[in-house]
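> Below you will find the structure I want to go over with you.
The values are calculated or read from the model by the stated rules, or taken from the named source; none is laboratory data. A quick note: this is a predicted structure, and the numbers were derived from the prediction, not measured. Ideal geometry is used to build each Cβ from the backbone, glycine not excepted, and the neighbour counts take in all protein chains shown. We work out accessible area using only protein heavy atoms, side chains counted, and drop any ligands, DNA or RNA first. Shrake-Rupley method; radii C 1.70, N 1.55, O 1.52, S 1.80 Å.
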Amino acid sequence: MAKKKQKQSGGTPATVALTAAGREFTVHSYEHDPAAPSYGEEAAQAMGVEPTRVFKTLLAEVDGALTVAIVPVAGSLDLKALASATGGKRAVMADPAAAERATGYVRGGISPLGQRRKLPTVLDASAAEHATVCVSAGRRGLEIELSPADLAALTEAVTAPIGRD
């Protein structure tokens, strides 16, 4: 247990997971504005990155089971497409408190990496259009840039068109 605490003191669970997996990534830090209407759009603007390359991590319930959806901040999640991608019938957004409990992260800082529990994950197919994408590093004001292939591999994500403009 002491080893785990020591490792995490050098970063978030997401950065610790990436380092342990030996994957290349870049951490971007910016000053988070609590009044910002959209965490993802704030991140894109602060980093000077196109919003189509910055992805948000959302949690939904597909047929009652928590599921992670990773979609561009420039759009929204298509719940029907998410249900279809996971072989489910119906999807609804998860309760924010349930999302925080399951992932170990706070809303606005939920990373798809290093979550408390392993959950089914779907990555929007548009991620493959970019050499790198950015996702939350596990805290507001901190983003990780990595290849979509590494993101999909490390989260064991299914890739499907689940985002909409």
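> For the list (1) assigned to a loop (DSSP other than H, G, I, E, B); (2) touching a residue at least 40 places away in the same chain (Cβ under 8 Å); (3) of a type in the set (A, V, I, L, M, F, W, C), I need the number of the one condition that Val106 fails.
Going through the list (1) assigned to a loop (DSSP other than H, G, I, E, B); (2) touching a residue at least 40 places away in the same chain (Cβ under 8 Å); (3) of a type in the set (A, V, I, L, M, F, W, C), Val106 breaks only (2).
> Can you tell me which residue among Gly109, Gly163, Gly104, Gly87 is of a type outside the set (Ser, Thr, Tyr) and either open to solvent by less than 20 Å² (accessible area, probe 1.4 Å) or touching a His at 6+ places or on another chain (Cβ under 6 Å) (or both)?
Gly109
> Here is a follow-up. Does Gly87 meet the test of being part of a loop (DSSP other than H, G, I, E, B), under 16 Å from the mean Cα position of the chain (by Cα), at positive phi and not hydrophobic (A, V, I, L, M, F, W, C)?
no
> Related question: Of the conditions (1) outside any loop (DSSP other than H, G, I, E, B); (2) over 18 Å from Val49 (Cα atoms); (3) not acidic (Asp, Glu), Ala137 satisfies every one except a single condition; which number is it?
That leaves (2) as the condition not met.
> From the list Leu123, Leu119, pick out the single residue that is assigned to a loop (DSSP other than H, G, I, E, B), open to solvent by less than 20 Å² (accessible area, probe 1.4 Å) and on the phi < 0 side of the Ramachandran plot.
Testing whether each residue is assigned to a loop (DSSP other than H, G, I, E, B), open to solvent by less than 20 Å² (accessible area, probe 1.4 Å) and on the phi < 0 side of the Ramachandran plot leaves just Leu119.
> Looking only at the stretch 31-63, how many residues end up being of a type outside the set (A, V, I, L, M), at pLDDT below 90 and either surrounded by fewer than 19 Cβ atoms within 10 Å (Cβ to Cβ) or touching a His at 6+ places or on another chain (Cβ under 6 Å) (or both)?
The qualifying residues number 8.
> Mind checking which pairs have a first residue in the stretch 111-131 that is farther than 20 Å from Thr15 by Cβ and a second that is in a loop (DSSP other than H, G, I, E, B) and β-branched (Val, Ile, Thr), Cβ under 9 Å, 6 or more apart or different chains?
From the stretch 111-131, the pairs are Pro120/Thr86; Val122/Thr86; Val122/Ile162; Asp124/Ile162; Ala125/Ile162.
> Continuing with the same structure: Is it the case that the stretch 46-53 has a residue that's of a type in the set (A, V, I, L, M, F, W, C) and part of a helix (DSSP H, G or I)?
For the stretch 46-53, residues of a type in the set (A, V, I, L, M, F, W, C) and part of a helix (DSSP H, G or I): present.
> Given the criterion farther than 25 Å from Thr19 by Cα and buried (at least 18 other Cβ atoms within 10 Å of the Cβ), identify the matching residue among Ala81, Ala157.
From the options Ala81, Ala157, the qualifying one is Ala81.
> Now for a separate question. Checking the conditions here, which among Ala97, Ala128, Ala74 is open to solvent by 40 Å² or more (accessible area, probe 1.4 Å), in contact with a Pro (Cβ under 9 Å, 6 or more places away or on another chain), in a helix (DSSP H, G or I) and farther than 18 Å from Val62 by Cβ?
None of the others qualify; the one that does is Ala128.
> Among (1) modelled with pLDDT of 95 or more; (2) under 21 Å from Glu41 (Cβ atoms); (3) more than 12 Å from the chain's Cα centre (by Cα), where does Val92 come up short?
Val92 satisfies all of (1) modelled with pLDDT of 95 or more; (2) under 21 Å from Glu41 (Cβ atoms); (3) more than 12 Å from the chain's Cα centre (by Cα) except (2).
> What are the pairs, 6+ residues apart or on separate chains, where a residue within the stretch 74-101 that is of a type in the set (Ser, Thr, Tyr) has its Cβ under 7 Å from a residue that is assigned to a loop (DSSP other than H, G, I, E, B)?
Listed pairs, sorted by first residue: Thr86/Pro120.
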